[in-house]
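No lab work stands behind these numbers, since they all come straight from the coordinates. Here the structure is a predicted model, which means the values were calculated and not measured. For neighbour counting, all protein chains shown are included, and Cβ atoms are generated from backbone atoms with ideal geometry for every residue, glycine included.
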Amino acid sequence: MGVVTPLPPTGGSPPIGEAVSTEAAPHVWITEFSRQEVTRLAAEAPDGPLTGVRFAVKDNLDVAGYPTTAGCPDLANRAAATSAVAVSRLVEAGAVPVGKTNMDQFATGLVGTRSPYGACHSVHNSQHVSGGSSSGSAVAVATGLVPLALGTDTAGSGRVPAAFNGVVGVKPTRGLVSTRGLLPACRSLDCVTTFTRSVAEGVAALDVLAWPDPEDPWSRPAPPTPPPGVAARMRTIAVPAGDLDLDPAHRVAWAAALHRLGRVATQVVPVDIGPFLAAAALLYGGPWVAERWAAFGAYLSGTGVDPTVRAVVTAGRDVTGPAVFTALDRLAALRRQTERIWLDVDALLLPVTPGHPTLAEVAADPVGVNSRLGTYTNFVNLLDLCAVAVPAGTRADGLPFGVQFVAPAFADRPLLDLAARWCGEDRPGGGADRPPAGTALVAVVGAHLTGMPLNPQLVGLGGRLHTRARTAAGYRLYRLPGPGVARPGLIFTGDGPDGGIAVEVWQLPHQAIGALLGTIPAPLGLGPIRLDDGSTVIGFLAAEHGIRGARDVSAAGGWRAALTTPV
């Protein structure tokens with residue numbers, strides 16, 4: 001690619017094609033490729049799953065022959081020798097890069113205003129921020145300049161601008177997409193993300209981008225199947241217990257989103273998100289700012305550095321070694337607390353931000369307003385989770401409102417399936433309700449549940465968690481007497497709780513079911529269980545005579561809760 005000079009700070013740029021005027025989307029580009037260059041690249045594009053798809057690149061990712069400024073004009077005179085792996089993967093799949101997008105400088109910000117190249121604003125209201133740091137990439141997609149754009153997400157930069165511009169922002173599991181060729185913010189947390197107008201487009205891009213890079217020390221291959229506690233079909237969704245700190249317009253939109261959740265979730269579980277929020281506070285309130293100093297502190301003495309970025313990151317220079325290890329220990333404790341939540345739910349639904357500030361509000365308090373925007377996003381990479389931001393209607397003032405689904409590492413595909421259902425799209429993994437040929441669904445209620453003592457037996461037999469569910473009304477759960485591992489007895493009495501009993505439905509090879517049956521002691525056996533969605537599967541049931549003298553624990557609603565309920 002030929003070298004071009006980036007736009008001067010605060011400069012504008014004409015759009016590619018006729019999708020939108022510069023007035024509707026100012027300051028999108030730092031470097032826009034010429035029409036001739038785009039035409040040449042399109043002609044050279046190979047046949048592939050993304051042939052002809054034009055995409056924008058956040059300007060902290062290298063594109064061969066062009067400078068990588070990271071929003072800092074001091075870096076504008078150095079052209080990258082090779083493209084970032086993420087860019088190369090898209091190009092090899094037939095996609096065509098068309099320009100480098102504006103960003104909060106050095107990917108330090110969630111507002112989209114910390115750039116000498118001009119502040120982006122929300123495409124829906126010129127008085128409100130676009131969100132950052134991937135501001136230009138989100139705006140480029142929202143205005144129709146491109147159907148796909150690359151961003152990055154360390155603290156929420158792949159989700160906040162998606163929410164503020166009404167598009168989909170996919171933040172994959174850390175290491176799933178190579179970060180080689182990225183000018184880092186926090187190398188241990190950075191993720192390459194995508195912005196698209198639909199979940200299906202995000203899935204298509206992630207299918208190309210996900211690749212274990214042997215030359216990237218932070219790259220991680222996805223396991224052949226998701227981890228044991230990740231359901232193929234996500235239906236049990238956690239929501240925060242109690243009120244959230246939301247601006248009034250956001251509060252009303254969040255209430256509507258909770259009501260809408262019933263369309264995709266059969267179970268909604270309130271959870272304490274305190275440990276998640278405590279982890280989020282560590283990102284800038286702890287020593288991770290030192291990792292930013294290590295990544296780009298050498299550039300902060302230049303004349304083109306944003307003063308807020310310089311002030312925030314320079315504080316990392318003085319972080320001590322003991323402070324780092326104290327924070328790592330604290331994070332490990334918080335991670336352990338949050339892990340318990342994933343035993344009973346598939347995903348967590350949260351608003352992306354507490355509000356949608358104006359440009360004037362950010363100018364008046366650049367650090368405070370920015371910090372508040374990360375309340376519900378900062379923890380995701382620290383706790384090694386994946387997430388996707390999706391549109392959730394509009395606020396009363398017409399601004400878009402976005403929510404995010406969050407799930408454990410390597411739950412990306414079922415999480416995107418959930419997001420697609422939320423958006424009313426055909427599910428990318430359609431058919432997840434039907435087990436593959438040669439397998440059957442088996443409901444487990446006790447010691448075989450995720451995290452329980454006998455769960456490795458299911459995994460060892462080739463099982464995979466299909467879905468978390470509840471029985472239909474009328475079943476009762478008993479704690480059976482006897483030594484050894486505590487055992488439940490599920491039985492249909494007709495007068496059990498209307499809300500049913502919590503179960504997990506596992507997908508097992510046919511031959512494994514016979515092996516499993518041989519391990520089940522009396523009075524337990526396998527029989528038909530009717531679930532809350534009206535379907536019937538085989539599962540663990542107790543013989544009627546076996547519950548004599550057993551304690552009824554049905555009121556707990558499930559075996560895990562029964563074990564922690566005082567006798």
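Details
- Pairwise FRET efficiency - Leu261 versus Ala561, Cβ, R0 = 30 Å, nearest 0.05: 0.85
- The range 34-92 versus the range 505-558: alpha-carbon centroid distance in Å: 56
- Normalised alpha carbon radius of gyration of the chain [divisor 2.2 N^0.38 Å]: 1.03
- Here the residues Glu215, Glu201, Glu361, Glu339, ranked from fewest to most Cβ neighbours within 10 Å of their Cβ, fall in the order Glu215, Glu339, Glu361, Glu201.
- Subtracting the Cα-Cα distance of Arg330 and Ala396 from their residue separation scaled by 0.36 nm leaves 19.8 nm.
- Footprinting exposure proxy ranking of Thr113, Thr108, Thr193, fewest other C-beta atoms within 10 angstrom first, gives Thr113, Thr108, Thr193.
- Average Cα contact separation per residue, the range 193-268, under 8 Å, 6 or more apart, as relative contact order %: 26
- Antiparallel content of DSSP bridges confined to the chain, in %, to 5: 80
- Going from the residue with the fewest nearby Cβ atoms within 10 Å to the one with the most, His545, His466, His356 rank His545, His466, His356.
- Three-way shape call for the range 111-159 based on the alpha-carbon gyration tensor, with the a/c threshold at 1.5: oblate
- Three-way shape label, the range 42-133, alpha-carbon gyration tensor, a/c 1.5: oblate
- Across every direction, the projection of the convex hull enclosing the Cα atoms of the range 280-439 has a mean area of 13.6 nm².
- Protection-proxy order for peptides 221-233, 401-413, each taking the mean of Cβ atoms within 10 Å per residue, highest first: 401-413, 221-233
- The residue among His27, Gln404, Pro227 whose Cα reaches farthest toward the positive pole of the charge dipole of the chain, with charges on the beta-carbon of Lys, Arg, Asp and Glu, is Pro227.
- Positive-pole candidate from Pro497, Leu343, Leu41, dipole of the chain, charges at beta carbon: Pro497
- The helix-only estimate of mean residue ellipticity at 222 nm for the chain, built from DSSP H runs of length n ≥ 4 each weighted as -39500 (n - 2.57), is -7500 deg cm²/dmol after division by the residue total.
- Scattering profile of the range 439-564 at q = 0.10, 0.12, 0.19, 0.20 Å⁻¹ [log10 I(q)/I(0), Debye over alpha-carbon scatterers]: -0.26, -0.38, -1.03, -1.15
- The label-point distance for Ala281 and Val367, in a model that sets each label 7 Å from Cα toward Cβ, rounds to 1.7 nm.
- Relative contact order (%) - the range 457-561, alpha-carbon pairs under 8 angstrom, separation at least six: 35
- Only one residue of His121, Gly65, Gly285 has its Cα farthest out toward the positive end of the dipole of the range 29-422, where Lys and Arg carry +1 and Asp and Glu -1 on Cβ, and that residue is His121.
- For the range 29-422, the relative contact order comes to 19 percent (Cα pairs under 8 Å, sequence separation of at least 6).
- Ser34-Ala79 pseudo-label distance in nm [points 7 Å out on the Cα-to-Cβ vector]: 1.2
- Across every direction, the projection of the convex hull enclosing the Cα atoms of the range 152-224 has a mean area of 5.0 nm².
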